[in-house]
1. Report, to the nearest 10°, how far helix 106-119 tilts away from the longest principal axis of the Cα atoms in the chain, using its own Cα long axis and a range of 0 to 90°.
2. Using θ = phi - 60° and the Karplus relation 6.51 cos²θ - 1.76 cosθ + 1.60, list the HN-Hα couplings for segment 132-144 in order, rounded to whole Hz, with x at every Gly or Pro.
3. Taking the alpha carbon gyration tensor of segment 72-196, what are the square roots of 5 times its eigenvalues, largest first, to the nearest whole Å?
4. Give me the net charge for the shell around CYS40: Cβ to Cβ below 15 angstrom, other residues only, Lys and Arg +1, Asp and Glu -1.
5. Compute the angle between helix 83-92 and the longest alpha-carbon principal axis of the chain, please, reported from 0 to 90 degrees and rounded to the nearest 10.
6. Rg to Rh for segment 166-236: what is it, with Cα atoms only and Rh by Kirkwood?
7. Straight-line reach from LYS145: which lysines fall under 24 Å, measuring Cα to Cα and dropping same-chain residues less than 8 apart?
8. Give, as a single signed number, the net charge of other residues whose beta carbon lies under 13 Å from the beta carbon of ILE66, with Lys and Arg counted +1 and Asp and Glu -1.
Amino acid sequence: MSEQIRIVMNGAAGKMGRALSAGLSALENMQIVGAVDIKCSDVDYGFLCGVNALGFGIKNDLAAVIDEVKPDVVVDFTSPGVVMENIRTAVSHKTPIVVGTTGFSEADFRQIEVWCARYETPVFIASNFALGAVLMMRFAREAAKYMPHVEVIERHHDQKLDAPSGTAVTTLEMIADVRKPLAQGNTQEFERLPGSRGGELDGMRVHSVRLPGYVATQEVVFGATGQVLCIRHDALSREAYIPGVAMAAEHIVGLKEGVLLRDLDTLL
Ligand SMILES: NC(=O)c1ccc[n+]([C@@H]2O[C@H](COP(=O)([O-])OP(=O)(O)OC[C@H]3O[C@@H](n4cnc5c(N)ncnc54)[C@H](O)[C@@H]3O)[C@@H](O)[C@H]2O)c1
């Protein structure tokens, strides 16, 4: 590995790809050396991200770019329907990959573990790279030990594909690990409009709001007799994710084992 961590950004033309490339290339120990997206462009990628010229445009073939520039790590913020193929491409080229794309199933995680072992290459996946959101999840897990009646409300921009968010699912899974099994609400409850009470994981409800204007907000609301506790995190701009992605990239390039690491919580 060279002194600087050399990164290929996959999903480079997207909202996250551009914001992260601008932020990571401003760090002393990081360098963006390639950009991949199905929306390719000959325009200098630096200009597309609002930073100085980087000397290359966006290409559309991840395998070819990895072969050409031999990065230390790929960062993937693409789309749930394509991310598995991207991970396989990176690890089969023995290139570690940090993944922020959401929408994985447990079966996907098991498949990724198989690939990690087969190609002896690590993968880091986090449903939320904002440090404040990681703390929100930790605090929610702690609160659930004492206040087991809980619902999650998450709010994102209206172009988000998956619902509920990966962060909401991770939060509920963390809470489920410590919360006593509990039937919440009225057993006679019925929905006048299907879906009014939201999705459900382990007896806990989750509500997904999709509106222009939001980046990402989540409230974990705990109710008990005579009181309500609300733990809330707001990502106000995509810069919120830069330190977490940098931390994951720094960690994964030093790993020798072919392992799947999940969630930033493991690094704090
Ligand atoms: N983990 C986190 O902290 C975090 C934070 C924000 C967003 N996300 C997730 O990141 C993903 C991207 O979010 P976004 O807001 O930037 O979306 P976006 O739609 O703005 O960007 C996605 C980009 O991926 C590109 N793309 C699609 N298929 C591709 C392929 N096969 N190869 C290469 N590029 C491809 C698209 O053309 C697009 O430019 C989503 O899954 C979102 O939920 C995660």
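1. For 106-119 against the chain, the angle is about 30 degrees.
2. Here the 3J(HN,Hα) series is x, 5, 5, 5, 4, 5, 4, 5, 5, 4, 5, 4, 5 Hz.
3. Working: eigenvalues 210, 59, 39 Å².
Largest first, segment 72-196 gives 32, 17, 14 Å.
4. Numbers: positive: ARG18, LYS39, LYS59; negative: ASP37, ASP42, ASP44, ASP61, GLU68.
For residues surrounding CYS40, the net value is -2.
5. Around 40 degrees separate the two axes.
6. On the way: Rg = 13.7 Å, Rh = 14.1 Å.
In segment 166-236, Rg relative to Rh is 0.97.
7. Candidates past the 8-residue exclusion: LYS180.
8. On the way: positive: ARG6, LYS59, LYS70, ARG88, LYS94; negative: ASP61, ASP67, GLU68, ASP72, ASP76.
Residues close to ILE66 contribute a combined charge of 0.
Values quoted throughout were computed directly from the atomic coordinates according to the rules given, and no laboratory measurement underlies them. All of these numbers come straight from a predicted model, not from anything done at the bench. Here Cβ is always computed from backbone atoms with ideal geometry, including for glycine, and neighbour counts include all displayed protein chains.
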